[in-house]
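Trainee: Structure below; questions to follow.
The values are calculated or read from the model by the stated rules, or taken from the named source; none is laboratory data. The structure displayed is predicted, hence computed values, not measured ones. So basically every Cβ, Gly included, is an ideal-geometry build from the backbone, and we count neighbours across all protein chains shown.
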Amino acid sequence: MTKNADNVSRIHKRYTLTTLTPSSHYLSLFISFIVTSATVALALYVYFKTADKILFSLPLSIAVLYGTQLLDSRLLRTEFSKVVHLSAFGNLLWFVTVVGGIISANVFSKPELLSIYITEGMFLFASFRIGLFTSVMGAKLKTAWAVCLIQPLVMFFAFVPAESWIPMLSDLKVIGYGLVFLFLATAWTLLSDRAAGVKVPRTHKILQAYVAAWTRNDPSEMETLMEERSQPSKVSTFQILFKTKSNEYRLVVPDVHPGPFHPIGGSNIPYLIYKNLNYSAMVMHSVSDHSLNLPSKSQVEAYLSSLNKSSTVYKGYDCTKPVTVQVNKARAVGMLFGKTAVLILSLSPHGMEDVPLYVKTELEQYGR
């Protein structure tokens, strides 16, 4: 790999963790089946020493898992895909708890504590569901409490031997820890929903709008929230129009910044400008940042319609040759069209962040 490619790769790697999400609910469904199978196998082989029951308990647990996922989507009135994603992560948490129990029992030589970890994993799973049902799915807290134990508890009954149900669920220490987990999840839900302060009354509402935009390609709720908290600002768009006898071409430098993220507002603004100008324009990135994002489709339409109200600053027939100055990785290319200077700043091919606004201010002052 070349040095230039390494620079771009480092930028990509910075955001690697944001890509660690299931690409579809089928993948999450597969993950939940695999993780549940592993949890059941460990419980029967290591905890209960009843490996002969796996041919009955494993299919039953998988069937119960899928059935409770369908039930969750009905009770919460949400998409099945969301329920499956959360179920996969919740079952993974239960599996990690079971594995941690095996490790700790061997380290501390206390095999009698093994069964506790299965019950505690069930309560952790239920607590995890409270937090995500209220924050991601928008369920009311009382609804989350009513639904949170259904999947973990029914799965518990599916693979834990019947003779162990009462001893494991009547242990006061286990119940105590379980209630602590559930109340901590409730406290987290209440506090996190108010974490953003006065300007954003409900943090969870923002999260739910983001998930809707991301998973359903529905930007309406997120755009409404962003537009309510946006401030009006005047921006300029500079164009250089090149004319021939039969065609027109434009170099466009808009002060608006692409974003904030797809499919919200002006996330695709360079293409929309290109399309608005009859597909004969090169749209450049100006010296701007995300404070100049267009928050909604209505603001995008208003901006695009304003492009027809442009005024001519200068007309001419010639320009200078490009002048290039290179300092380390930074490059500046300047051209003069009459009395109008165009300066292109670049770190190509090393990858580049937004140029700070003070650079534009100083360049304009120097130009004057």
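Trainee: Look through region 325-368, keep the residues that are surrounded by 11 or more Cβ atoms within 10 Å (Cβ to Cβ), polar (S, T, N, Q) and assigned to a strand (DSSP E or B), and return whichever of them is modelled with the highest pLDDT.
Mentor: Filtering region 325-368 for residues that are surrounded by 11 or more Cβ atoms within 10 Å (Cβ to Cβ), polar (S, T, N, Q) and assigned to a strand (DSSP E or B), the one modelled with the highest pLDDT comes out as Ser346.
Trainee: Kindly list, by first and then second residue, each pair from a residue in region 57-77 that is closer than 16 Å to Ala146 by Cα and of a type in the set (Asp, Glu) to a residue that is at pLDDT below 95 and surrounded by fewer than 17 Cβ atoms within 10 Å (Cβ to Cβ), limited to pairs with Cβ atoms under 7 Å and residues at least 6 apart or on different chains.
Mentor: Here the result reads none, with nothing in region 57-77 linked to a residue that is at pLDDT below 95 and surrounded by fewer than 17 Cβ atoms within 10 Å (Cβ to Cβ).
Residue by residue, here is whether (1) in contact with a Gly (Cβ under 7 Å, 6 or more places away or on another chain); (2) more than 19 Å from Ala341 (Cα to Cα); (3) modelled with pLDDT under 90; (4) polar (S, T, N, Q) holds:
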residue	(1), (2), (3), (4)
Thr244	no, yes, yes, yes
Met284	no, no, no, no
Asn293	yes, yes, no, yes
Ser305	no, yes, no, yes
Tyr317	no, no, yes, no
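Trainee: Here is a follow-up. Quick one: Pro258 ticks every box in (1) in contact (Cβ under 8 Å) with a residue 12 or more places away in the chain; (2) under 20 Å from Ser135 (Cβ atoms); (3) not acidic (Asp, Glu) except a single one, so which number is it?
Mentor: The failed condition is (2).
Trainee: Within region 246-259, can you find the residues that are closer than 20 Å to Val235 by Cα and at pLDDT 90 or above? Working first, answer last.
Mentor: Step one: filter region 246-259 for residues closer than 20 Å to Val235 by Cα, giving 250-259.
Correct list: Arg250, Leu251, Val252, Val253, Pro254, Asp255, Val256, His257, Pro258.
Trainee: Still on this structure, I have one more. Here is a check on your reading of the model: is Val313 crowded, with 16+ Cβ neighbours inside 10 Å and modelled with pLDDT under 90?
Mentor: When the stated conditions are applied, Val313 does not pass them.
Trainee: Here is a further query. Output the number of residues of region 220-259 satisfying the condition of being in a loop (DSSP other than H, G, I, E, B) and crowded, with 18+ Cβ neighbours inside 10 Å. Full working, then the answer.
Mentor: Going residue by residue through region 220-259, those that are in a loop (DSSP other than H, G, I, E, B) are 229-236, 244-247, 255-258.
Remaining after also requiring crowded, with 18+ Cβ neighbours inside 10 Å: 256-258.
Residues flagged as in a loop (DSSP other than H, G, I, E, B) and crowded, with 18+ Cβ neighbours inside 10 Å within region 220-259 amount to 3.
Trainee: Restricting to region 260-301, give me the number of residues that are hydrophobic (A, V, I, L, M, F, W, C) and assigned to a helix (DSSP H, G or I). Please lay out each step first, then the result.
Mentor: If we filter region 260-301 for residues that are hydrophobic (A, V, I, L, M, F, W, C), which is where we start, we get 261, 264, 269, 272-273, 277, 281-284, 287, 292, 294, 300.
Checking the rest, the ones that are also assigned to a helix (DSSP H, G or I) come to 269, 272-273, 292, 300.
Total satisfying the criteria: 5.
Trainee: If you don't mind, there's one more thing I want to ask. When Lys321 is evaluated against the numbered criteria (1) within 15 Å of Gln239 (Cβ to Cβ); (2) in a loop (DSSP other than H, G, I, E, B), which criterion, by number, is the only one it fails?
Mentor: Looking at each condition in turn, Lys321 falls short on (1).
Trainee: What is the number of the single condition among (1) of a type in the set (A, V, I, L, M, F, W, C); (2) touching a strand residue (DSSP E or B) at 6+ places or on another chain (Cβ under 6 Å); (3) surrounded by fewer than 16 Cβ atoms within 10 Å (Cβ to Cβ) that Leu191 does not meet?
Mentor: (2)
Trainee: Just the residues that are within 19 Å of Trp94 (Cβ to Cβ) and either small (Gly, Ala, Ser) or touching a residue at least 60 places away in the same chain (Cβ under 8 Å) (or both), please, taken from region 137-156.
Mentor: Of everything in region 137-156, those that are within 19 Å of Trp94 (Cβ to Cβ) and either small (Gly, Ala, Ser) or touching a residue at least 60 places away in the same chain (Cβ under 8 Å) (or both) turn out to be Ala144, Val147, Ile150, Gln151, Pro152, Val154, Met155.
Trainee: Residues Leu292, Leu241, Leu307, Leu251: which one is more than 30 Å from Lys82 (Cα to Cα), hydrophobic (A, V, I, L, M, F, W, C) and without any contact (Cβ under 8 Å) to a residue 24 or more places away in the chain?
Mentor: On inspection, the qualifying residue turns out to be Leu241.
Trainee: Is it the case that region 101-114 has a residue that's touching a Ser or Thr at 6+ places or on another chain (Cβ under 9 Å), touching a residue at least 12 places away in the same chain (Cβ under 8 Å), surrounded by 22 or more Cβ atoms within 10 Å (Cβ to Cβ) and not polar (S, T, N, Q)?
Mentor: yes
Trainee: Those residues that are in a helix (DSSP H, G or I) and of a type outside the set (Gly, Ala, Ser), I need them from region 199-219; list them, please.
Mentor: Matches in region 199-219: Thr203, His204, Lys205, Ile206, Leu207, Gln208, Tyr210, Val211, Trp214, Thr215.
Trainee: Checking Lys13 against (1) outside any helix (DSSP H, G or I); (2) at pLDDT below 85; (3) among the basic types (Lys, Arg): exactly one of these is not met. Which one?
Mentor: Going through the list (1) outside any helix (DSSP H, G or I); (2) at pLDDT below 85; (3) among the basic types (Lys, Arg), Lys13 breaks only (1).
Trainee: If you don't mind, another one. Of the numbered conditions (1) exposed (fewer than 11 other Cβ atoms within 10 Å of the Cβ); (2) in contact with an Asp or Glu (Cβ under 8 Å, 6 or more places away or on another chain), Ser280 fails exactly one; give the number of that condition.
Mentor: Condition not satisfied by Ser280: (1).
Trainee: Report, by residue number, each residue of region 39-78 that is part of a helix (DSSP H, G or I), hydrophobic (A, V, I, L, M, F, W, C) and in contact with a Pro (Cβ under 9 Å, 6 or more places away or on another chain).
Mentor: Within region 39-78, just Leu44 meets the criteria.
Trainee: Tell me, which helices (runs of 4 or more DSSP H) lie completely within region 79-192 with 2 or more residues that are closer than 25 Å to Ser28 by Cβ?
Mentor: 80-108, 114-135, 141-148, 150-159, 172-192
Trainee: Which of the residues spanning region 16-32 are crowded, with 16+ Cβ neighbours inside 10 Å and either more than 17 Å from Val98 (Cβ to Cβ) or at pLDDT 95 or above (or both)?
Mentor: Hits for region 16-32 are Pro22, His25, Ser28, Leu29.
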